[in-house]
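These notes concern the structure reproduced below.
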Amino acid sequence: MAYKPQYGPGTSVVAENRRRQMNPDIELEKVRDVTDEDVVLILGHRAPGSAYPTAHPPLAEQQEPDCPIRKIVEATPGAKAGDRVRYIQFVDSMYNGPSQPYQRTYTECYRFRGIDPGTLSGRQIVECRERDLEGYAKWLIETEMFEPALTSIRGATVHGHSLRLAEDGLMFDMLQRCVVGDEGVVTYVKDQIGEPLDRAVSLGKPLDDTWVKAHTTIFHSLVGSSYRDDEEYIEYIVRIHSLRTKYGFMPVEE
Amino acid sequence: MAKIERSQKLFLDALKEKFEGQDPESVKTTFYNFGGLKQSPRKREFMKAARGIEMERGISMYDPEHCHLGGLPMGQRQLMTYEVSTTGVFVEGDDLHFVNNAAMQQFWDDIRRTVVVGMDLAHATLQKRLGKEVTPETINEYLHILNHAMPGAAVVQEHMVETHPGLVDDCYCKVFTGDDAMADDIEPQFLINIDKLFPAEQAEALKAQVGKSMYQAIHIPTIVSRTCDGGTTSRWSAMQIGMSFIAAYRMCAGEAAVADLSFAAKHAGVSQMASILPARRARGPNEPGGIKFGVFSDIIQANRKYPNDPARASLEVVGAGTMLFDQIWLGSYMSGGVGFTQYATAAYTDNILDEYTYYGMDYLKDKYGFDYSNPDPATTVAPTQDVVNDLATEVNLNAMEQYEGYPTMMEDHFGGSQRAGVMAAACGLTCSIGTGNSNAGLNGWYLSMLMHKEGWSRLGFFGYDLQDQCGSANSLSMEPDRGLMGELRGPNYPNYAMNVGHQGEYAAIVGGAHYGRGDAFCFDPLIKICFADPSLKFDFAEPRREFAKGAIREFKPAGERSLIIPAR
């Protein structure tokens with residue numbers, strides 16, 4: 001019987017959104033357009049238009065060993081070209097940010113190849129070959145994974161995730177990498193590590209409360225969906241904990 | 001699980017003080033208008049001090065406005081003060097770094113410089129081998145000599161160098177016994193009086209454990225253990241004990257029986273506060289990584305002072321434990337710098353963990369009829385998986401809802417590791433206090449971690465990925481290499497050795513199991529009695545209050561060197 005991913009329990013809109021993001025068979029809603037150059041600017045790893053720096057020669061020019069795994073797993077374009085490994089790091093507000101750290105990692109593992117995600121409380125980083133990264137980053141910014149006020153791209157200083165929102169609705173950022181312009185458009189004036197950009201990058205207006213509440217993947221009893229109310233979700237966590245406890249204590253079948 | 005009403009919010013006063021004039025339940029605020037670092041009096045003090053030092057030594061030093069992230073501004077949001085929980089004392093975060101807090105230093109000094117040494121072996125040697133008479137009078141004389149010798153004074157040879165009493169005034173030795181008649185004959189200055197220091201039931205239980213034996217509570221000079229290390233304590237102590245026996249009982253200084261006394265004082269009769277560590281964390285005895293959680297819960301004396309409040313007693317262990325294990329052990333012995341303090345203080349400031357824990361106590365009473373204010377082994381709840389699941393689920397959900405309902409509190413605990421440690425501690429304490437079982441408490445901790453992670457799709461830093469997501473499986477195991485009873489686990493337990501924000505709370509969970517039963521001690525009655533001594537520099541019944549005193553610079557530590565350095 002073929003393995004069929006279940007993506008997680010729960011009857012709430014949060015649980016459903018989590019499954020939607022993870023499931024690669026579902027095409028997520030595209031909410032905005034950004035150019036390839038916009039992505040390169042925000043990432044800050046190379047100048048737009050410059051060649052990809054390499055860590056090794058292209059695989060085709062190397063003497064690859066006769067390895068069965070290499071025959072099974074095709075290298076990503078970035079790996080084939082010998083690109084460096086670089087990163088994008090997101091900060092997600094706990095006030096209904098559309099994606100959240102573990103959720104991002106799970107989603108990326110289901111949808112991307114050749115990645116190394118890292119998950120913390122205030123940030124989530126994914127590292128991979130540079131040209132692969134730019135493609136993944138574009139998808140992560142353009143789709144419902146991103147909301148301009150509640151999602152932020154930051155290499156450092158991430159503690160906005162748990163802080164109250166600023167009066168203009170933006171998540172706190174010590175470095176104020178983005179600002180809300182006259183038209184209410186969120187504009188990046190610094191790259192993810194905080195270096196000023198030669199040209200500002202606009203990521204559109206913040207989405208309204210109805211949208212963020214309907215698309216979020218975090219439970220929140222004050223501004224969103226109450227965790228306690230999703231009884232199925234709680235039940236599964238307790239079940240997993242109980243089974244782990246039992247087989248850790250007495251690792252034999254009864 | 002079923003939410004219960006609890007009108008009292010212990011953290012509200014702190015939030016109102018910290019976020020003055022702001023609605024603690026509002027989701028929005030203003031940023032970028034606080035004046036950066038200069039909003040903090042302590043940061044201003046640091047900067048001013050650094051300028052003077054730079055002028056004097058000609059080498060640059062503290063310069064946060066230039067050095068923080070390449071000159072990028074810190075202090076764009078409010079730099080908060082913190083209330084040390086239950087004390088009403090608000091302090092700057094900087095004042096809770098152990099380098100800036102003399103009480104924290106003395107807390108660890110007082111543990112590291114302590115050993116308990118039995119007298120029975122020595123007395124048997126004196127009586128049976130040497131035919132010496134041992135009486136209360138000879139013991140008192142011996143103790144008089146020992147309190148002369150232990151700080152670093154000579155008793156046998158002439159023309160010996162000695163230490164200045166003003167530098168080692170914290171060094172002394174007292175004894176204790178379970179034999180009331182013998183205790184009556186010991187000079188009060190040398191006696192740890194169990195009856196006076198402990199509630200009656202605890203005193204009886206402790207004396208029954210000690211029996212007719214007699215033990216010495218030895219505290220070598222702070223300045224010695226600081227200059228050397230924890231492994232010094234038993235060696236320094238044993239040398240002075242041996243010399244004092246020679247002097248008190250007129251022994252031959254070179255006879256072979258001295259070796260028996262030395263062996264007893266150094267090895268056979270000594271209780272270290274901590275065991276040695278393996279090579280990868282190599283430390284001698286009496287260093288923090290080797291303190292078993294059961295021992296640590298006995299070092300802290302809050303259950304002696306608050307026998308009818310196991311939550312309070314446990315929370316004092318949390319404060320002391322996070323300070324020692326997070327700030328000093330993991331934060332400095334094993335790592336370095338400042339981040340660990342921010343993790344640790346979350347568990348003992350602003351009454352947040354206190355509120356979550358007392359919610360658990362109320363829930364225990366409401367649902368299971370367990371009256372935590374009357375600890376008794378007969379009233380604890382059976383530690384079944386269902387009970388642990390229920391307690392931890394409810395306490396954890398309540399904690400998450402409090403953070404959600406009070407955005408200023410979420411901002412207070414701005415890091416996920418802070419929140420994870422605090423919520424899991426409340427769950428673990430509720431489970432251990434309610435069931436009287438330390439492993440049940442640890443199990444509750446791990447359910448909290450899983451539930452937290454799934455609810456908010458985040459947890460702590462990378463380390464939580466390992467320790468807290470596989471902890472369910474080892475929390476009840478007793479098999480070698482898999483598990484151990486909570487009392488015998490410690491900071492060097494394999495799965496606990498690498499992660500800030502856990503070890504102090506684990507110690508409290510272990511202690512809570514006994515405080516919830518009304519036990520007189522958790523693991524070692526000798527250590528419980530030893531640290532009840534009011535002559536110690538640090539009051540181990542009130543560690544959080546002592547830390548607050550240290551933060552406001554009112555704590556007087558030992559280890560003074562002004563006698564031997566130029567006046568400033």
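Please give the number of the condition B:Leu442 fails out of (1) open to solvent by 10 Å² or more (accessible area, probe 1.4 Å); (2) of a type in the set (A, V, I, L, M); (3) within 12 Å of chain A (Cβ to nearest Cβ); (4) within 22 Å of the chain's Cα centre (by Cα).
In the conditions (1) open to solvent by 10 Å² or more (accessible area, probe 1.4 Å); (2) of a type in the set (A, V, I, L, M); (3) within 12 Å of chain A (Cβ to nearest Cβ); (4) within 22 Å of the chain's Cα centre (by Cα), B:Leu442 misses (1) alone.
Select from the range B:199-221 the residues that are without any contact (Cβ under 8 Å) to a residue 60 or more places away in the chain and not in a helix (DSSP H, G or I) and write down the one among them that is nearest to B:Asp120 (Cα to Cα).
Looking at the filtered set, the residue picked out is B:Lys212.
With the checklist (1) of a type in the set (Phe, Trp, Tyr); (2) over 30 Å from the mean Cα position of the chain (by Cα); (3) open to solvent by 10 Å² or more (accessible area, probe 1.4 Å) in hand, flag the one item B:Phe98 doesn't pass.
Just one mismatch for B:Phe98, condition (2).
Table: residues versus (1) out of contact with any Gly (no Cβ under 9 Å at 6 or more places or on another chain); (2) away from chain B (no Cβ under 13 Å).
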| site | (1), (2) |
| --- | --- |
| A:Arg164 | yes, no |
| A:Glu183 | yes, yes |
| A:Val186 | no, yes |
| A:Pro196 | yes, no |
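Of all the helices (runs of 4 or more DSSP H) wholly in the range A:27-121, which have at least 3 residues that are open to solvent by less than 30 Å² (accessible area, probe 1.4 Å) and touching a strand residue (DSSP E or B) at 6+ places or on another chain (Cβ under 6 Å)?
Where helices (runs of 4 or more DSSP H) fall fully within the range A:27-121 and carry at least 3 residues being open to solvent by less than 30 Å² (accessible area, probe 1.4 Å) and touching a strand residue (DSSP E or B) at 6+ places or on another chain (Cβ under 6 Å), they are A:36-43, A:101-111.
Does A:His241 count as assigned to a loop (DSSP other than H, G, I, E, B), of a type outside the set (Val, Ile, Thr), within 11 Å of chain B (Cβ to nearest Cβ) and open to solvent by less than 10 Å² (accessible area, probe 1.4 Å)?
no
Considering only the range B:77-95, state which residues are open to solvent by 20 Å² or more (accessible area, probe 1.4 Å) and farther than 27 Å from B:Asn33 by Cβ.
Within the range B:77-95, B:Thr86, B:Thr87, B:Gly88, B:Val89 meet the criteria.
Please identify the pairs in which a residue from the range B:458-473 that is outside the structural domain of B:Met410 (by TED's automatic domain parsing) has its Cβ atom under 7 Å from the Cβ atom of a residue that is open to solvent by 40 Å² or more (accessible area, probe 1.4 Å) and at pLDDT 85 or above, counting only partners at least 6 apart or on another chain.
none
Wholly within the range B:332-415, which helices (runs of 4 or more DSSP H) include no fewer than the required count, namely at least 1 residues that are out of contact with any Gly (no Cβ under 9 Å at 6 or more places or on another chain)?
Counting at least 1 such residues, we get B:352-368, B:385-405, B:407-412.
Step by step: first the residues of the range B:452-475, then only those that are crowded, with 24+ Cβ neighbours inside 10 Å and farther than 15 Å from A:Ser121 by Cβ, then the one that is nearest to the other protein chains (Cβ to nearest Cβ). Which residue is that?
B:Ser472
So that you can scan it fast, the table gives a plain yes or no per residue for (1) acidic (Asp, Glu); (2) farther than 30 Å from B:Met243 by Cα; (3) surrounded by fewer than 20 Cβ atoms within 10 Å (Cβ to Cβ):
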{"residue": "B:Ala265", "(1), (2), (3)": "no, no, no"}
{"residue": "B:Ala274", "(1), (2), (3)": "no, no, no"}
{"residue": "B:Pro285", "(1), (2), (3)": "no, no, no"}
{"residue": "B:Asp298", "(1), (2), (3)": "yes, yes, no"}
{"residue": "B:Ser314", "(1), (2), (3)": "no, yes, no"}
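Looking at (1) at negative phi; (2) out of contact with any Ser or Thr (no Cβ under 8 Å at 6 or more places or on another chain); (3) of a type outside the set (Lys, Arg); (4) within 14 Å of another protein chain (Cβ to nearest Cβ), which one does B:Asp13 not meet, given that it meets all the others?
It fails just one condition, (4).
If B:Gly512 satisfies every condition in (1) assigned to a loop (DSSP other than H, G, I, E, B); (2) touching a Leu at 6+ places or on another chain (Cβ under 6 Å); (3) open to solvent by less than 10 Å² (accessible area, probe 1.4 Å) but one, which is the exception?
Here B:Gly512 clears every test but (1).
Just to be sure, is B:Thr81 more than 16 Å from the chain's Cα centre (by Cα) and modelled with pLDDT of 95 or more?
For B:Thr81, the condition - more than 16 Å from the chain's Cα centre (by Cα) and modelled with pLDDT of 95 or more - is not met.
State yes or no: is A:Tyr247 hydroxyl-bearing (Ser, Thr, Tyr), touching a Phe, Trp or Tyr at 6+ places or on another chain (Cβ under 7 Å) and either surrounded by 21 or more Cβ atoms within 10 Å (Cβ to Cβ) or at the interface with chain B (Cβ under 10 Å from one of its Cβ atoms) (or both)?
Values: hydroxyl-bearing (Ser, Thr, Tyr): yes; touching a Phe, Trp or Tyr at 6+ places or on another chain (Cβ under 7 Å): no; either surrounded by 21 or more Cβ atoms within 10 Å (Cβ to Cβ) or at the interface with chain B (Cβ under 10 Å from one of its Cβ atoms) (or both): yes.
Considered against the rule, which asks whether it is hydroxyl-bearing (Ser, Thr, Tyr), touching a Phe, Trp or Tyr at 6+ places or on another chain (Cβ under 7 Å) and either surrounded by 21 or more Cβ atoms within 10 Å (Cβ to Cβ) or at the interface with chain B (Cβ under 10 Å from one of its Cβ atoms) (or both), A:Tyr247 comes out as no.
Please go through the range B:184-198 and pick out each residue that is open to solvent by less than 20 Å² (accessible area, probe 1.4 Å) and more than 21 Å from B:Arg113 (Cα to Cα).
Within the range B:184-198, B:Ile186, B:Ile194, B:Phe198 qualify.
Name the residues in the range B:27-70 that are part of a loop (DSSP other than H, G, I, E, B) and open to solvent by less than 40 Å² (accessible area, probe 1.4 Å), would you?
Residues satisfying the conditions are B:Val27, B:Phe31, B:Ser40.
Would you point out which residue out of A:Val201, A:Val189 is at pLDDT 95 or above, open to solvent by 40 Å² or more (accessible area, probe 1.4 Å) and either hydroxyl-bearing (Ser, Thr, Tyr) or under 30 Å from B:Glu65 (Cβ atoms) (or both)?
Exactly one residue qualifies, and that residue is A:Val189.
The values are calculated or read from the model by the stated rules, or taken from the named source; none is laboratory data. What you see is a predicted model, and the numbers here were worked out from it, not measured in a lab. Using ideal geometry, Cβ is built from the backbone for each residue, glycine included, and neighbour counts are taken over all protein chains shown. When the accessible area is computed, the model is the full protein with side chains, heavy atoms only, and any ligands, DNA or RNA have been set aside. Shrake-Rupley method; radii C 1.70, N 1.55, O 1.52, S 1.80 Å.
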